[in-house]
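A.B. asks: To start, I am sharing the structure in question, which I have written as structure tokens.
The values are calculated or read from the model by the stated rules, or taken from the named source; none is laboratory data. Keep in mind it's a predicted model, so treat the numbers as computed, not measured. Here the Cβ positions follow ideal geometry from the backbone for every residue, glycine too, while neighbour counts run over all protein chains shown.
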Amino acid sequence: MNVLITGNLTEFENNLAEVFTREGYKVFTQDEARELGIPRLDYLIDTTDNRDEADRFTLDEGFGGEAVERVFRGNVLRSMALLETFLPLLDKGEGKRLVYLSSAEASINATRAVKSFGYNMSKAALHQFIQLTRNKLAPKGYTFRVFDPMAGEVTPQAAAESAYNYITRRRGTENHDPLRDDEENMVMRDAMGRQYAW
Amino acid sequence: MRSVLITGADRGLGLSLCKEYLGRGFTVFAGKYMEDYTLLEDLGEKDQNLCVIWLDMGCEKSIKNAVSAVTEIAGRLDMLISNAALMGKFDCDLYAPPMDLEAVWDTFRVNALGPMRLAEGFLPLMERGGDKRLCFVSSEVGCIALMKHRGDGPYPYPMSKAALNMGVRMLHNHLYERGYTFRLFHPGWMKRRMADGSLSETARFDPDDIGRIAARYFDKNLGDEHRLVMVDYSRYEWPF
């Protein structure tokens, strides 16, 4: 099984690559996937998760529109472009699983945030992109994972192990109950397995 | 006299809301964006409490100019209604590369970032106002949970409305304890008002009917202001 992990800069990303390699997957970076001309991809793990110190303002401190734009372009447009680029390879693969990083903080229902407008709004937009993409690709056999690595709360190693289990295990119910089946209903889960409403 | 600012007031729901609040005795600051529509000016000739100001929700400078104009004229604001929206492009398809990603940004810039800048800009005037009510026109297509099986595109508009809902949630988190109250409204599929004042025939609702319902909902004090909910014309609550 070929796995593309889109970033290789953070401890979490490197740990995740190690776990997938340990378990027998072939792991590629973006550059490797392009340069080696791999014939197919099974999993796309989009680890795009941009935060920006300048985005951490409250409304009273002045709205940082430039930071919001940077974060939005980084978190949303980049992810859209990545999927567009690698979709032909994913169509040829058997795994057909798309994975995105997010945060419970970006749950419209759950967040108590008053800062990081760019991050939270961009992730809400990304969640809607993933939902719409699921509508398009699920009939072709694609399944989806949205994962919160709980940065700062869980070690990158533990988050990577948790992510591996979440990404690779089927999330279905035995009797394929469409209301309870993660494969039928797009959900966000964190590194402790907890589900968050959108 | 109470005052309200309404964006996207050239036609449709925005224009209908202007009529409603003029009828209720408000001073209405109407955000104008479409040069080829003169329905606002026609309304202004009949009612001197209407003040038309140029307002491009995609432009930070335009929002600042609007704040300056309202500051100079009234010095305070009671209610803010963010209604303007950009539908965005429809030809954003994963299987028809390259996707027009700038269309995604443009729609977000107007529909989600603009209302946040608007709230920030007018906050000092609303501190001096009595009502402290922030109203946002959103859409059912911003509901992530309900988009399952509801089409596979276009991307820009639903993404921008989901982002708007998040932004309003954050404003609510920040401002509710300071006495601000919020309305998040899904107007439904409305007929389009043409430049000559006539209505298109291809949608379900007349904007004047929705405007009447929305104006009442925006203006009325509720018993559960601590909750942020998105409702439609029938007060049905839509999940996020």
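A.B. asks: Give the stretch A:95-121 a look and list any residue that's in a helix (DSSP H, G or I) and either more than 9 Å from chain B (Cβ to nearest Cβ) or touching a residue at least 60 places away in the same chain (Cβ under 8 Å) (or both), or say none. Before the answer, list the steps.
C.D. replies: Going residue by residue through the stretch A:95-121, those that are in a helix (DSSP H, G or I) are A:104-106, A:117-121.
Scanning the stretch A:95-121 gives A:Ala104, A:Glu105, A:Phe117, A:Gly118, A:Tyr119.
A.B. asks: Between B:Gly153, B:Gly188, which is farther than 27 Å from B:Gly211 by Cβ, modelled with pLDDT under 95 and not in a helix (DSSP H, G or I)? Outline the logic, then answer.
C.D. replies: Working: B:Gly188 fails: farther than 27 Å from B:Gly211 by Cβ.
After applying the criteria, what remains is B:Gly153.
A.B. asks: Exactly one of these conditions fails for B:Asp208: (1) surrounded by 17 or more Cβ atoms within 10 Å (Cβ to Cβ); (2) within 14 Å of chain A (Cβ to nearest Cβ); (3) in a helix (DSSP H, G or I). Give me its number.
C.D. replies: (2)
A.B. asks: Name every residue in the stretch B:65-119 that is in a helix (DSSP H, G or I), in contact (Cβ under 8 Å) with a residue 60 or more places away in the chain and surrounded by fewer than 16 Cβ atoms within 10 Å (Cβ to Cβ), in order of residue number.
C.D. replies: Selection gives nothing.
A.B. asks: Given the criterion within 21 Å of A:Thr6 (Cβ to Cβ), surrounded by 19 or more Cβ atoms within 10 Å (Cβ to Cβ) and in contact (Cβ under 8 Å) with a residue 12 or more places away in the chain, identify the matching residue among A:Asp52, A:Asp42, A:Asp46.
C.D. replies: Working: A:Asp52 fails: surrounded by 19 or more Cβ atoms within 10 Å (Cβ to Cβ); A:Asp42 fails: surrounded by 19 or more Cβ atoms within 10 Å (Cβ to Cβ).
On inspection, the qualifying residue turns out to be A:Asp46.
A.B. asks: Exactly one condition in (1) free of Cβ contacts under 8 Å to residues at least 12 places away in the same chain; (2) in a loop (DSSP other than H, G, I, E, B); (3) farther than 21 Å from A:Asn75 by Cβ; (4) not hydroxyl-bearing (Ser, Thr, Tyr) is not met by A:Asp60; state its number.
C.D. replies: Every listed condition holds for A:Asp60 apart from (2).
A.B. asks: Test of understanding: among B:Ser160, B:Ser138, which residue is buried (at least 22 other Cβ atoms within 10 Å of the Cβ), out of contact with any Cys (no Cβ under 9 Å at 6 or more places or on another chain) and more than 8 Å from every other protein chain (Cβ to nearest Cβ)?
C.D. replies: Numbers: B:Ser160 fails: more than 8 Å from every other protein chain (Cβ to nearest Cβ).
Being buried (at least 22 other Cβ atoms within 10 Å of the Cβ), out of contact with any Cys (no Cβ under 9 Å at 6 or more places or on another chain) and more than 8 Å from every other protein chain (Cβ to nearest Cβ) holds for just one of B:Ser160, B:Ser138, which is B:Ser138.
A.B. asks: Any idea how many residues of the stretch B:107-125 are in contact with a Phe, Trp or Tyr (Cβ under 7 Å, 6 or more places away or on another chain) and within 7 Å of chain A (Cβ to nearest Cβ)? Break it down into steps so the answer makes sense when it comes.
C.D. replies: The initial filter retains those residues of the stretch B:107-125 that are in contact with a Phe, Trp or Tyr (Cβ under 7 Å, 6 or more places away or on another chain), namely B:107-108, B:115-117, B:120.
From what's left, within 7 Å of chain A (Cβ to nearest Cβ): B:108, B:116-117, B:120.
Residues meeting the conditions: 4.
A.B. asks: Only residues that are at pLDDT below 95, over 30 Å from B:His174 (Cβ atoms) and among the aromatic types (Phe, Trp, Tyr): list them for the stretch A:15-71, please.
C.D. replies: None - no residue of the stretch A:15-71 is at pLDDT below 95, over 30 Å from B:His174 (Cβ atoms) and among the aromatic types (Phe, Trp, Tyr), so the list stays empty.
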